[in-house]
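> Here you go, one structure.
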Amino acid sequence: LAFKETYSPLTSDEIIAKEKSMMDEKRFKHCIGVSKTARKLAKLNGYDEDKAALAGFVHDYAKQIPVADYVQAIKEEGFDPDLLNWSRAIWHGIVGAYFIKRDLQIADPEILTAVNRHTTGDKEMTTLDKIVFVADFIEPGRDFPGVEEARETAFADLNAGVGYELAHTLEYLAEKRAKIYPRTLEAYNVWAVSAD
Ligand code: GDP
Ligand code: FE
Ligand code: FE
Ligand code: FE
């Protein structure tokens, strides 16, 4: 495991060790799976494979940072106070990008935006946003009804993969009567709705 050392003053080994220290083994393995799948999707879509691999690796860096640290960051770092009405499921992308910049010293705006958008998607998504969003959903460790169809769809057509994932996530959230983050819904309306 190694990453190109152009996006941070930290070495590849330092980034890997720091991330490993932040999460349990299961989450760390997931991040490696997302990194590998992001590299594969980048190759298929003519995007920078090394950059996609790093973005995929760091996407859940902040997933297990304590809630109190999130609340403090949201209050003190200029985030929308409405975020306080949500939970770590939503925070770890949007606020996670802040922790990655602070701790891993990755400042590349494309990587940080891809992390920001990886849970909810967004109305506008760059190629890297789509790669990380979809890789998170279909990495080899994922196992849920529909994952094989999600993989086939995404490897054939990245935009279709985004749409498949958003439809699946909306169904899952509505099924358990979970509160939908507005940006998730906005993304669904752009990427998942079929043409008339
Ligand atoms: P993970 O970090 O690898 O587990 O995956 P994600 O970052 O994609 O998603 C984290 C959690 O947020 C999952 O349980 C999603 O179902 C959930 N999630 C995604 N969108 C929304 C939303 O709009 N509202 C709520 N409540 N949860 C969401
Ligand atoms: Fe995540
Ligand atoms: Fe996701
Ligand atoms: Fe993830």
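The values are calculated or read from the model by the stated rules, or taken from the named source; none is laboratory data. These numbers were taken from a predicted model, which means no experiment stands behind them. In this analysis, Cβ positions are derived from the backbone assuming ideal geometry, glycine residues included, and neighbour counts consider all displayed protein chains.
> Among the residues of the stretch 44-87, how many are surrounded by 14 or more Cβ atoms within 10 Å (Cβ to Cβ), part of a loop (DSSP other than H, G, I, E, B) and away from ligand 4 (no atom under 16 Å from the Cβ)?
Qualifying residue count for the region: 5.
> Considering (1) within 16 Å of ligand 2 (Cβ to nearest atom); (2) surrounded by fewer than 19 Cβ atoms within 10 Å (Cβ to Cβ); (3) touching a residue at least 24 places away in the same chain (Cβ under 8 Å); (4) assigned to a loop (DSSP other than H, G, I, E, B), say which one His118 fails and leave the rest.
So His118 meets the others, but not (2).
> Could you identify the single residue in Ala160, Ala187, Ala135 that is under 29 Å from Ser21 (Cα atoms), of a type in the set (A, V, I, L, M), modelled with pLDDT of 95 or more and touching a Ser or Thr at 6+ places or on another chain (Cβ under 8 Å)? Spell out how you get there, then give the answer.
Numbers: Ala160 fails: under 29 Å from Ser21 (Cα atoms); Ala187 fails: under 29 Å from Ser21 (Cα atoms).
Selected residue: Ala135, the only one of Ala160, Ala187, Ala135 that is under 29 Å from Ser21 (Cα atoms), of a type in the set (A, V, I, L, M), modelled with pLDDT of 95 or more and touching a Ser or Thr at 6+ places or on another chain (Cβ under 8 Å).
> Could you tell me whether Leu128 is surrounded by fewer than 16 Cβ atoms within 10 Å (Cβ to Cβ), closer than 28 Å to Val193 by Cβ, of a type in the set (A, V, I, L, M, F, W, C) and at pLDDT 95 or above?
Numbers: surrounded by fewer than 16 Cβ atoms within 10 Å (Cβ to Cβ): no; closer than 28 Å to Val193 by Cβ: yes; of a type in the set (A, V, I, L, M, F, W, C): yes; at pLDDT 95 or above: yes.
Taking the combined requirement at face value, the residue does not satisfy it.
> Of the residues Ile111, Ile90, Ile180, which is of a type outside the set (Ser, Thr, Tyr), within 14 Å of ligand 1 (Cβ to nearest atom) and not in a loop (DSSP other than H, G, I, E, B)? Before the answer, list the steps.
Numbers: Ile111 fails: within 14 Å of ligand 1 (Cβ to nearest atom); Ile180 fails: not in a loop (DSSP other than H, G, I, E, B).
The conditions single out Ile90.
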